[in-house]
Amino acid sequence: MITPVVGTPAPNFTLVSHDGSLFILADEVKKHQVVLVFYPMDSSPICDNLLSRINKDVDEFAAAGLKIVGINFAEPDAHGRYTNKKSLRMPLLSDQRFRVAEAYDSLFSIGPIKVIRYSVVGIDKNGLIKYFKRGRPDNAEIIAGMQTSSAIVAPNTESLLQ
């Protein structure tokens, strides 16, 4: 696990969304910048607060050219029920095998138990990591971080999304 570094290629992935559709990062970044919000679980007070705060500003994220998605281990049907219950307007992606969380260094273990840690990763239209923050940054900070000049590619580095 390598901590995401701004300017480096984002690991590509395909996950199932709460509505059963496939979310393919390589396809999504061709349309807009993508913000991945890793969080531990649905229906916990802290996660509810985080997702409600983000959901409140989904239109502001969209106006800034950003598609924001939540990621944790819950199965798609559970995400669907949670999305409906909370009236969320953003996709929730199912990372049941923790592969994407691990690829983005957003996973830790407590003995045999794996836990997704709060992290936000922004990916630009070139497939490069443009923003990375551990924890639960506020919406304005995420948007401002994604509006800075494009990430610079490290020498001899190609995007994994090409």
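The values are calculated or read from the model by the stated rules, or taken from the named source; none is laboratory data. Treat the numbers as computed from the prediction; the structure is a model and nothing was measured. Please note: Cβ atoms are built from the backbone with ideal geometry, for glycine as well, and neighbour counts cover all protein chains shown.
Summary of values
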| item | result |
| --- | --- |
| Pairs with Cβ under 6 Å, 6+ apart, first in the stretch 14-26 and without any contact (Cβ under 8 Å) to a residue 60 or more places away in the chain, second outside any strand (DSSP E or B) and among the hydrophobic types (A, V, I, L, M, F, W, C) | none |
| Cβ pairs under 9 Å, 6+ apart, first in the stretch 61-76 and at pLDDT below 95, second in a strand (DSSP E or B) and of a type outside the set (D, E, K, R) | none |
| All strands (runs of 3 or more DSSP E) inside the stretch 4-69 with 1 or more residues being in contact with a strand residue (DSSP E or B) (Cβ under 9 Å, 6 or more places away or on another chain), surrounded by fewer than 19 Cβ atoms within 10 Å (Cβ to Cβ) and of a type outside the set (Lys, Arg) | 14-17, 22-24 |
| Residue that is nearest to ILE71 (Cα to Cα) [pool: residues in the stretch 34-58 that are out of contact with any Lys or Arg (no Cβ under 9 Å at 6 or more places or on another chain) and not β-branched (Val, Ile, Thr)] | LEU36 |
| Close pairs from the stretch 138-154: first within 11 Å of GLY122 (Cβ to Cβ), partner at pLDDT below 90 and not acidic (Asp, Glu), Cβ under 9 Å, at least 6 apart | none |
| Out of VAL58, VAL35, sole residue that is among the aliphatic types (A, V, I, L, M) and touching a residue at least 40 places away in the same chain (Cβ under 8 Å) | VAL35 |
| The stretch 87-105, subset among the aliphatic types (A, V, I, L, M) and outside any strand (DSSP E or B), residue farthest from the chain's Cα centre (by Cα) | LEU88 |
| Hits in the stretch 87-137 (condition: over 22 Å from ILE54 (Cα atoms) and surrounded by 16 or more Cβ atoms within 10 Å (Cβ to Cβ)) | PHE98, GLU102, ALA103, ASN126, GLY127, LEU128 |
| Scan of the stretch 70-86 for residues that are crowded, with 21+ Cβ neighbours inside 10 Å, outside any helix (DSSP H, G or I) and over 13 Å from the mean Cα position of the chain (by Cα), ordered by number | ALA74 |
